[in-house]
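Everything on this sheet refers to the single structure shown next.
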Amino acid sequence: MNRPARLAAAALAFVLAAGVRLAGQSYRSFSEEFESIQKQSRLRLGRVRIVPVLRLFDVGYDSNVYLTEEGGEPVGDFTATLSPEIRGYWLATSSLILSGMDNPEFLAYAQEDALRTFSNSFSVGLRWLALRRFSLSGEYHDLSHVRRSLSELDQKIRDTEVGETASVFFETPRGTAIGFVGSTNDYRYEDIVSGAPDDLYAQSLDRREDSAALEVYYRVFSRSHFFSTVVWRRYDFAYAESSWRDATSVEVSGGLRFPLVGRARGTVSFGWKSFDPDSPDRTPFAGLIAATDVFFRAGRFAFNLGLHRDNEFSYIETAYYYVDSGGRAALSFYLFGSLRIDLGFDYGRLVYPEPGLYWDDGVPVVVDSREDVQWNVSAGPVVRVSGTIGLGLTYNLYTRTSNAPGYDIRQEFIGAFVTYEF
């Protein structure tokens, strides 16, 4: 088999999912990517590196699986999510990486048959370092999950993202990089309980997003980077009756990205976004955005701090979008080398800028400025099993209060999970 044929065969063999990092704030130089694959791969077959991961989470009892409004009759059930993943990398040459990933996911319930489901995500990608300075990347992905992918959702639905991403970056020996990223993604949503085609979620949220970005990374210290990004994005909705939702946005952001490993890691990112609807009758958005998630460890204590703010499309027919902002604070206290206690607090606030029509006992109600407040409190021990692998127990209390009728929710969860970051 000649060399081009071998390359094609390897690409087909790895129809699993791309490990190539392409999107904003996550860019790594070609050399960092190459070295990371060499160090972290657990299984090796010559130049082929395989990284298997078994994720097991939400194993326990959920007091309100359908997120029924307070005052109603919530349904409780035992549940578990099994999510094995395998990533494959072929280091074809010192300047070419072919990669792939496959991630089947099983969502199980003891009694609620309608919620039991299977989904699968996969992608393939390549990365090529040309002339020792130009990093060219390409990726195709088909990602599917059943979850609450948006803060306002009142149940788990299937969200699917299918698309392609391509980028070209100029890299310096010091680790500075500047480049362009382009992507096209189709987003699809499905109510797994109803099983009805073209349901409310699909009609309100199905869309295509095209984006183009300029990204700049400047290395500071040994592994940290200052970054700046400018992103243009176009939203075109799939259904004619939702075409009034079409819009364009431009966002400028910057911040500091810490190493992927170490005592401090994560990203601090703030910026400004301008969101302009095609329809002159709809309310535009312009304001601060944030996507910050930082972890650091000091002695027996570990801290996780997060902050987010952005506007998101609403699935509610009479609403357009909402501004989702909030924060997270988590503390881990290591009592012993093999035991820690986790405490977490999440706060979120959803603000709808346009009046919306809601129903209260069959009576229509117009809410001029809807606002939801969400809290999630969690606590529990984690025991180290081996290395950085731990087995944890957790109690979670989630509450949502709203000035729109029918959206006050209370949910409790008691269960277990596996973590790879003890």
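Some values worked out for this structure:
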{"quantity": "Hits in segment 206-229 - residues which are part of a loop (DSSP other than H, G, I, E, B) and either over 19 Å from VAL294 (Cβ atoms) or β-branched (Val, Ile, Thr) (or both)", "calculated": "ASP206"}
{"quantity": "Output for segment 107-129, where each listed residue is loosely packed, with under 15 Cβ neighbours inside 10 Å and either assigned to a strand (DSSP E or B) or on the phi > 0 side of the Ramachandran plot (or both)", "calculated": "PHE118, ASN120"}
{"quantity": "Odd one out for GLU190, checked against (1) in contact with a helix residue (DSSP H, G or I) (Cβ under 7 Å, 6 or more places away or on another chain); (2) modelled with pLDDT under 90", "calculated": "(2)"}
{"quantity": "Residue match in segment 235-247 (condition: more than 19 Å from ASN185 (Cα to Cα), out of contact with any His (no Cβ under 9 Å at 6 or more places or on another chain) and buried (at least 19 other Cβ atoms within 10 Å of the Cβ))", "calculated": "no"}
{"quantity": "Of the criteria (1) surrounded by 14 or more Cβ atoms within 10 Å (Cβ to Cβ); (2) on the phi > 0 side of the Ramachandran plot, which one PHE221 fails", "calculated": "(1)"}
{"quantity": "Hits in segment 387-422 (condition: among the charged types (D, E, K, R), touching a residue at least 60 places away in the same chain (Cβ under 8 Å) and in a strand (DSSP E or B))", "calculated": "ARG410, GLU412"}
{"quantity": "Unique residue being farther than 30 Å from ARG340 by Cα, of a type outside the set (Val, Ile, Thr) and either modelled with pLDDT of 95 or more or out of contact with any Phe, Trp or Tyr (no Cβ under 7 Å at 6 or more places or on another chain) (or both) when the list is GLY287, GLY299", "calculated": "GLY287"}
{"quantity": "Pair list, Cβ under 6 Å, 6 or more apart: segment 279-306 residue in contact (Cβ under 8 Å) with a residue 12 or more places away in the chain and within 14 Å of TYR321 (Cβ to Cβ), other residue buried (at least 18 other Cβ atoms within 10 Å of the Cβ) and among the aromatic types (Phe, Trp, Tyr)", "calculated": "ARG282/TYR320; PHE285/PHE275"}
{"quantity": "Total residues in segment 248-263, condition crowded, with 16+ Cβ neighbours inside 10 Å and farther than 27 Å from GLY287 by Cα", "calculated": "0"}
{"quantity": "Selection count where residues are part of a loop (DSSP other than H, G, I, E, B) and of a type outside the set (S, T, N, Q), scope segment 268-297", "calculated": "5"}
{"quantity": "Residue selected from segment 255-287 under the condition of a type in the set (S, T, N, Q) and in contact with a strand residue (DSSP E or B) (Cβ under 8 Å, 6 or more places away or on another chain), by the criterion nearest to SER222 (Cα to Cα)", "calculated": "THR267"}
{"quantity": "Wholly within segment 6-98, strands (runs of 3 or more DSSP E) carrying at least 1 residues that are of a type in the set (Phe, Trp, Tyr), modelled with pLDDT of 90 or more and over 27 Å from GLU421 (Cβ atoms)", "calculated": "77-93"}
{"quantity": "Those residues of segment 45-82 which are among the charged types (D, E, K, R) and either closer than 29 Å to PHE169 by Cα or surrounded by 13 or more Cβ atoms within 10 Å (Cβ to Cβ) (or both), in sequence order", "calculated": "ARG47, ARG49, ARG55, ASP58, ASP62, GLU69, GLU70, ASP77"}
{"quantity": "Any hit, segment 307-317, residues being in contact with a Lys or Arg (Cβ under 8 Å, 6 or more places away or on another chain), aliphatic (A, V, I, L, M), farther than 30 Å from ARG265 by Cβ and not in a strand (DSSP E or B)", "calculated": "no"}
{"quantity": "Residue in segment 366-400 that is surrounded by the fewest Cβ atoms within 10 Å (Cβ to Cβ), counting only those that are in contact with a strand residue (DSSP E or B) (Cβ under 7 Å, 6 or more places away or on another chain) and closer than 18 Å to ALA319 by Cα", "calculated": "VAL366"}
{"quantity": "Single residue of VAL51, VAL65 found to be in contact (Cβ under 8 Å) with a residue 12 or more places away in the chain and more than 21 Å from SER123 (Cα to Cα)", "calculated": "VAL65"}
{"quantity": "Some residue of segment 155-163 being buried (at least 17 other Cβ atoms within 10 Å of the Cβ), part of a loop (DSSP other than H, G, I, E, B) and touching a strand residue (DSSP E or B) at 6+ places or on another chain (Cβ under 7 Å)", "calculated": "yes"}
{"quantity": "Out of SER137, SER119, sole residue that is in contact (Cβ under 8 Å) with a residue 40 or more places away in the chain and either of a type outside the set (Lys, Arg) or within 17 Å of VAL51 (Cβ to Cβ) (or both)", "calculated": "SER137"}
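The values are calculated or read from the model by the stated rules, or taken from the named source; none is laboratory data. What you see is a predicted model; the values in this text were computed from it and never measured. Every residue, glycine as well, gets a Cβ built from its backbone with ideal geometry; the counts of neighbours run over all protein chains shown.
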